[in-house]
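The structure appears below as structure tokens.
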Amino acid sequence: MSLNSALWAGVSGLSANAAALASISQNIANVNTVGYKRTTSEFQTVINGQSAGTGYSAGGVIANTRHYTSQGGQLQRTTSSTDLGIAGQGFFVVTEKPENLTPIDARLFTRAGAFTPDDFGFLKNTAGLYLQGWPVDSEGNIATDPSDINRLQSINIGSVGGAAEATTRAQLNANLQSSQAISAEATAASTVPAGADAYDPATNSMAMYDPDTGVGVKPDFTMSIPVSDSKGGQRTVALSFLKGVNPNEWYAEIHAVPASDIEGGANGLIKSGRIVFTQDGRLDPVATAALGANALFPDLNAATLSIGASDSAAAPGTVKWATGLGIAAQPINLALNASAGGLTQYSSASAVQSVNTNGTAFGNLASIEIDKEGFVTAIFDNSVTRRIAQVAIATFASPDNLTVEDGNAYRVSRGSGTFNLKTAGTGGAGFIGASQLEASTVDLSAEFTGLITTQRAYSASSKIITTADEMLAELINIKR
């Protein structure tokens with residue numbers, strides 16, 4: 001009977017508008033929820049099968065909920081370096097537990113990036129979901145994989161220990177006085193045979209010099225080079241010079257201070273030889289190389305000082321760090337012939353302009369930074385930086401069809417398609433905004449307007465029921 005179908009159509013209208021009210025209420029309640037995506041109820045007409053000559057049967061309406069998961073919200077600045085937002089498409093990969101993950105453990109996806117470290121240093125958001133990323137291996141490399149989600153690990157910033165970097169390069173800027181008087185030891189070394197007290201790097205060297213006892217040869221000029229070893233310990237290497245009798249030629253020694261820091265070199269001597277300057281006061285690599293075995297370095301443009309590891313054996317003619325120090329081998333490139341600086345020989349007094357070295361002493365973790373490509377970098381108080389992980393971004397063919405879960409998270413569904421893991425800014429994945437959070441996509445003005453129209457539609461559906469009821473009552477009252 002048509003009146004009965006009208007009743008059921010009214011009931012369906014009440015049900016559909018009640019669902020619309022529920023979605024609006026959900027949106028308004030989450031207006032301040034980080035990364036929340038608004039939902040809406042979309043109505044669909046229901047048509048009953050019709051038989052000719054029997055009248056019309058109303059089918060009514062049903063409401064389907066649509067999630068605007070792909071709609072991006074505004075990124076808003078925060079004060080926490082671990083707050084993350086995504087500018088573009090994609091989702092953070094998260095898990096419900098931080099460790100001992102197995103292939104059957106759920107992997108969820110979210111845009112809620114308010115991450116903070118837990119008691120063990122794992123980054124988790126306010127829903128208790130742990131952020132996943134690709135870890136850095138022992139060689140500092142990151143192996144990403146677009147399809148294997150099991151390669152991801154929970155990002156931990158609490159397990160980062162201290163850091164140190166060994167010195168591998170020293171830029172030396174100093175002048176040697178061209179008018180320096182030639183010492184008696186240098187003069188004696190130039191005669192054949194060598195005179196008494198002649199300078200000799202093996203038996204009467206600058207490294208041996210002791211002003212209290214008068215032993216050794218007093219250098220005309222000495223400069224100190226601070227060196228950080230592999231454990232962050234501070235060492236000192238001295239570079240001493242003695243003016244030779246040949247024009248523009250100097251004897252040079254590199255030795256450790258104190259001498260006990262190295263083994264294999266008498267009195268801490270690491271390397272000795274001669275260097276030659278041009279007539280205009282610059283280092284002369286060609287003339288120095290022509291000295292052959294007597295040159296301080298065969299190539300002044302590639303001067304590398306090599307010190308062996310403490311646990312190695314010092315071969316003849318080589319030196320190593322003292323056994324008791326327990327530190328690694330250390331090659332140090334000495335930039336002696338830089339285009340702007342380096343060693344010079346002018347008539348002004350011998351002086352050090354600057355000694356610039358890399359390497360640092362031991363430092364503790366000072367802060368964590370995450371860049372737009374998702375690299376998580378630990379910054380230490382000695383200015384050393386170290387990458388520890390890269391945040392993974394998941395994209396979907398149809399993100400609006402993801403299954404909604406608690407905690408503002410989503411799960412893969414048949415309609416969404418499978419995930420693709422990407423690094424931020426590649427393959428359609430958005431960049432990561434550090435110290436930013438994505439605001440809710442709810443528009444309060446639109447939601448309040450929806451409240452009004454939904455309320456009116458609900459009232460209208462109720463009128464259908466009361467009107468049909470009155471008509472049925474009139475029909476029943478025909479026979480009295």
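The values are calculated or read from the model by the stated rules, or taken from the named source; none is laboratory data. This structure is a prediction, so every number in the text was calculated from the model and none was measured. Because the Cβ atoms are built from the backbone with ideal geometry, glycine has one as well, and the counts that use them run over all protein chains shown. Calculation scope for accessible area: heavy atoms of the full protein, side chains included, ligands and nucleic acids excluded. Shrake-Rupley method; radii C 1.70, N 1.55, O 1.52, S 1.80 Å.
Odds and ends about this structure:
- Here ILE104 passes the criteria (1) open to solvent by 80 Å² or more (accessible area, probe 1.4 Å); (2) of a type in the set (A, V, I, L, M, F, W, C); (3) closer than 21 Å to GLY13 by Cα except the one numbered (3).
- Residue count, region 468-480 (criterion: in a helix (DSSP H, G or I) and open to solvent by 70 Å² or more (accessible area, probe 1.4 Å)): 6
- Within region 432-463, the set of residues being crowded, with 18+ Cβ neighbours inside 10 Å and polar (S, T, N, Q) comprises GLN436, SER440, THR441, THR454, SER461.
- Counting the residues of region 7-57 that are hydroxyl-bearing (Ser, Thr, Tyr) and open to solvent by 60 Å² or more (accessible area, probe 1.4 Å) gives 5.
- Answer residue from region 127-138, given it is touching a Gly at 6+ places or on another chain (Cβ under 8 Å) and not in a strand (DSSP E or B) and is surrounded by the fewest Cβ atoms within 10 Å (Cβ to Cβ) among those: GLY128
- Enumeration of residues in region 362-400 that are touching a residue at least 60 places away in the same chain (Cβ under 8 Å) and open to solvent by 50 Å² or more (accessible area, probe 1.4 Å): PHE362, ASN364, LEU365, GLU369, ASP371, LYS372, ARG386, ARG387
- Taking region 299-327 as the range and being touching a Lys or Arg at 6+ places or on another chain (Cβ under 6 Å) and without any contact (Cβ under 8 Å) to a residue 40 or more places away in the chain as the test, only SER312 passes.
- Neighbours by Cβ (under 7 Å, 6+ apart or cross-chain): first from region 466-480, within 15 Å of LEU7 (Cα to Cα); second surrounded by 10 or more Cβ atoms within 10 Å (Cβ to Cβ): ALA468/LEU3; ALA468/ALA6; ALA468/LEU7; ALA468/GLY10; MET471/LEU3; LEU472/LEU3
- Whether a residue is part of a loop (DSSP other than H, G, I, E, B), touching a residue at least 24 places away in the same chain (Cβ under 8 Å) and either buried (at least 19 other Cβ atoms within 10 Å of the Cβ) or in contact with a Phe, Trp or Tyr (Cβ under 9 Å, 6 or more places away or on another chain) (or both) was assessed, and GLY85 does not pass this test.
- In this structure, THR95 does satisfy being under 23 Å from the mean Cα position of the chain (by Cα) and over 19 Å from GLN436 (Cα atoms).
- Considering residues of region 413-431 that are free of Cβ contacts under 8 Å to residues at least 24 places away in the same chain and farther than 9 Å from ILE393 by Cβ only, the residue surrounded by the most Cβ atoms within 10 Å (Cβ to Cβ): SER416
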